[in-house]
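Visitor: The structure is given below, and queries will be raised subsequently.
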Amino acid sequence: MCGIWALFGSDECLSVQCTNAMKIGHRGPDAFRFENVNGFTNCCFGFHRLAIVDQLYGMQPLRIKKFPFLWLCYNGEIYNHLTLKKQFEFDYQTKVDGEILLHLYDRFGIKKMASLLDGVFAFILLDTANRKVFLGRDTYGVRPLFKLLTDNGFLAVCSEAKGLTNITHAMATPPNIVPFPPGHYEVFNLKQNGKVQSLQLEQFHCCTQEPAHAIYDTVERLPTSFDEETVKNNIRTLFENAVRKRLMAHRRIGCLLSGGLDSSLVAATLVKLAKEEKLKYPIQTFSIGSDDSPDIIAARKVAAHIGSEHHEVNFTAEEGIQALEEVIFHLETYDITTIRASVGMYLVSKYIREKTDSVVIFSGEGSDELTQGYIYFHKAPTPKAAAEDSVRLMKELYLFDVLRADRTTAAHGLELRVPFLDHRFTAYYLSLPEEMRIPKHGMEKHLLRESFKGLNLIPDEILWRRKEAFSDGVMSEKKSWYTFLQEHVESMVNDDQMEKARKMFSHNPPCNKEAYHFREVFEKHYPGRAEWLSHYWMPCWINAIDPSARTLSIYKPDKDQ
């Protein structure tokens, strides 16, 4: 996890602008560099480093002797960098995984470079020889990237929008700050005066396509039959491969463990592979909740079963409410369910940073979208409708769950790893017949559960545990985090404010007091930036007015937990 920031064609003195780069310092607490570009006095890079791979040569912008005209600033991990280095016989100068981008770009150009990267990334690549600037972002937007482009060609880029909101520019009205679209790259001409002109914005990968790098993967081509046993075997093979490739780190690895299916499969597979790879330390797992919360109890059972070094972080409603403003500041969103679920993740990340030496943190994000895990999928009218909504959710991850997971961990200088969003695993799962992927026998994610049945990887009661929303499972069943929040906002927002909500907030007007309160806090930090969120996350097919699973008529909590 790092923070990247760059300006091309600044209208203001760079020493004034660079204070904006410090707003993302939390993303890279190990080192900072600010560097001007030779020959372009109004262009520069800012980089905050979290050292994970190659402690010595990992500072950025990355430049190597072979390509003195290339400047690379990137945030991410390229899991297949050694495979590609060997395949194409590249001569490396460092041990940095990102060096592969320079070699691939030089040999194949930007589109093939981006499509061959197996990993998570956001990059800014400058080619001074050909006067080009390139931006790119991974398929699901696991790593964030925002851009600001003025009418006169001044380009500013940053990992988080907060590093761009106070940039000085020559426009009469504030220019738009937009999230860079996942799975795309953009090409700019760099003019002699440092300004840019956008030439091309193109998609290089979509979640339903087999990734171009699959032919070089360590796992060979899989059997293509849709026979159930073959499919379940392929799911296990690709998931294990997804976890294994993410062990690439020089820092200690840990795992978030809510006690739900997804995080439990990740944690159990991680512990198993850590033993096989002979890691020199036990895997730490982390759960958060009140003493009697469903998540805490379930996570305890999983940790005992897999033999992890387990940490429980106590969570009270008061602490959660106190953290709300900080959380919204880091998230840069006012989406209801994202904020609810982020509070627990933010506080557990704070604990990990302050009390342990784990830095690389595995998590279960992406599984609900991929495997139709949300409870509302039981109400899908047809398997086709369910499959289409699954793809929609995957494409919107960067606005919701992936945004939450990145910002809450990066706020405390941790690096997130999400094996369920592995390119090959997701492309394979989405290629399966629609009927195979729907909930069955009253159980969501039936195919995923069946794939790990009988292996004793996790306890059976966890393998078949019903979906419990992260924002709901951290408190007791008697009174959920959702209920505490409703009581809190009741005292913060009055009925008069609600009546005027539509007039006050014309874009995505809040429909209840909680949404109003979140929006107020968001507008305090990011006035006039409501369009960063295109729409609220809501369940489909059931006319929901609240995203909490607990408010749905089809919700059945596990009474025996």
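The values are calculated or read from the model by the stated rules, or taken from the named source; none is laboratory data. Please read these numbers as outputs of a predicted model, since none were measured by experiment. For neighbour counting, all protein chains shown are included, and Cβ atoms are generated from backbone atoms with ideal geometry for every residue, glycine included. Accessible surface areas use protein heavy atoms only, side chains included; no ligands, DNA or RNA. Shrake-Rupley method; radii C 1.70, N 1.55, O 1.52, S 1.80 Å.
Visitor: For the stretch 211-243, how many residues meet the condition of being at pLDDT below 95, charged (D, E, K, R) and open to solvent by 50 Å² or more (accessible area, probe 1.4 Å)?
Guide: Final tally of qualifying residues: 2.
Visitor: Shifting gears a bit: Under the condition of being touching a residue at least 40 places away in the same chain (Cβ under 8 Å) and in a loop (DSSP other than H, G, I, E, B), which residue from the stretch 210-230 is nearest to Arg449 (Cα to Cα)?
Guide: Out of the qualifying residues, it is Phe226.
Visitor: Restricting to the stretch 421-444, what's the tally of residues that are in contact with a helix residue (DSSP H, G or I) (Cβ under 9 Å, 6 or more places away or on another chain) and free of Cβ contacts under 8 Å to residues at least 40 places away in the same chain?
Guide: First pass over the stretch 421-444, keeping only residues in contact with a helix residue (DSSP H, G or I) (Cβ under 9 Å, 6 or more places away or on another chain): 421-430, 432-440, 442-444.
After this cut, where a residue has to be free of Cβ contacts under 8 Å to residues at least 40 places away in the same chain as well, the list is 440, 443.
Looking only at that region, the number is 2.
Visitor: Among (1) more than 30 Å from Thr409 (Cβ to Cβ); (2) out of contact with any helix residue (DSSP H, G or I) (no Cβ under 7 Å at 6 or more places or on another chain), there is one condition Val133 misses while meeting the rest; what is its number?
Guide: (1)
Visitor: To continue, here is another question. Within the stretch 168-187, how many residues turn out to be assigned to a loop (DSSP other than H, G, I, E, B), open to solvent by less than 10 Å² (accessible area, probe 1.4 Å) and at negative phi? First the steps, then the outcome.
Guide: Within the stretch 168-187, the first condition is being assigned to a loop (DSSP other than H, G, I, E, B), and the residues that meet it are 168-176, 180-183.
Those left that are additionally open to solvent by less than 10 Å² (accessible area, probe 1.4 Å): 175, 180, 183.
Those still in the list that are at negative phi too: 175, 180.
Total meeting the criteria: 2.
Visitor: May I pose another question? Taking strands (runs of 3 or more DSSP E) that fall entirely within the stretch 1-120, which contain at least 2 residues that are surrounded by fewer than 23 Cβ atoms within 10 Å (Cβ to Cβ)? Even if it seems obvious, please write down each step before you answer.
Guide: Numbers: elements: 3-8, 31-37, 40-49, 62-64, 67-78.
Strands (runs of 3 or more DSSP E) meeting the threshold: 31-37, 40-49, 62-64, 67-78.
Visitor: Within the stretch 491-507, work out how many residues are in contact with a Phe, Trp or Tyr (Cβ under 8 Å, 6 or more places away or on another chain) and polar (S, T, N, Q).
Guide: 1
Visitor: Further, regarding this structure: Go through the stretch 414-449 residue by residue and tally those that are part of a strand (DSSP E or B) and touching a strand residue (DSSP E or B) at 6+ places or on another chain (Cβ under 8 Å). Outline the logic, then answer.
Guide: First, the residues of the stretch 414-449 that are part of a strand (DSSP E or B): 415-417, 440, 443.
Applying the additional criterion that residues be touching a strand residue (DSSP E or B) at 6+ places or on another chain (Cβ under 8 Å) yields 415-417.
Count: 3.
Visitor: Now a separate question. Taking the stretch 437-454 as the region of interest, how many residues are within 23 Å of Glu210 (Cβ to Cβ) and open to solvent by 30 Å² or more (accessible area, probe 1.4 Å)? Spell out how you get there, then give the answer.
Guide: Looking only at the stretch 437-454, we keep the residues that are within 23 Å of Glu210 (Cβ to Cβ), and these are 437-438, 445, 447-448, 451.
Those still in the list that are open to solvent by 30 Å² or more (accessible area, probe 1.4 Å) too: 438.
Number of matching residues: 1.
Visitor: Let me ask you something else. Out of contact with any Pro (no Cβ under 6 Å at 6 or more places or on another chain) and closer than 28 Å to His103 by Cα: is that true of Tyr185 in this structure? Don't jump to the end; show me each part of the working.
Guide: Details: out of contact with any Pro (no Cβ under 6 Å at 6 or more places or on another chain): yes; closer than 28 Å to His103 by Cα: yes.
In short, yes.
Visitor: Can you tell me which residues in the stretch 280-289 are surrounded by fewer than 19 Cβ atoms within 10 Å (Cβ to Cβ) and hydroxyl-bearing (Ser, Thr, Tyr)? First the steps, then the outcome.
Guide: Of the residues in the stretch 280-289, the ones surrounded by fewer than 19 Cβ atoms within 10 Å (Cβ to Cβ) are 280-282.
Within the stretch 280-289, Tyr281 is the sole residue that qualifies.
Visitor: Which residues, taken from the stretch 511-537, are within 16 Å of Glu499 (Cα to Cα), assigned to a loop (DSSP other than H, G, I, E, B) and either open to solvent by less than 60 Å² (accessible area, probe 1.4 Å) or not assigned by the TED database to the domain that holds Glu326 (or both)? Spell out the reasoning first.
Guide: Keep residues of the stretch 511-537 that are within 16 Å of Glu499 (Cα to Cα), which gives 511-517, 519-520.
Pick out the ones that are also assigned to a loop (DSSP other than H, G, I, E, B) and you get 511-512.
If the condition is that a residue be within 16 Å of Glu499 (Cα to Cα), assigned to a loop (DSSP other than H, G, I, E, B) and either open to solvent by less than 60 Å² (accessible area, probe 1.4 Å) or not assigned by the TED database to the domain that holds Glu326 (or both), then Asn512 is the only one that fits.
Visitor: Let me ask something additional. When the stretch 394-411 is examined, which residues are found to be out of contact with any Phe, Trp or Tyr (no Cβ under 7 Å at 6 or more places or on another chain), open to solvent by less than 10 Å² (accessible area, probe 1.4 Å) and either of a type in the set (S, T, N, Q) or part of a loop (DSSP other than H, G, I, E, B) (or both)?
Guide: Within the stretch 394-411, Thr409 is the sole residue that qualifies.
Visitor: Output the residues belonging to the stretch 235-251 that are within 10 Å of Val360 (Cα to Cα) and over 20 Å from the mean Cα position of the chain (by Cα).
Guide: As a first pass, look at the stretch 235-251 and keep what is within 10 Å of Val360 (Cα to Cα): 246-251.
His250 - this is the single residue of the stretch 235-251 that is within 10 Å of Val360 (Cα to Cα) and over 20 Å from the mean Cα position of the chain (by Cα).
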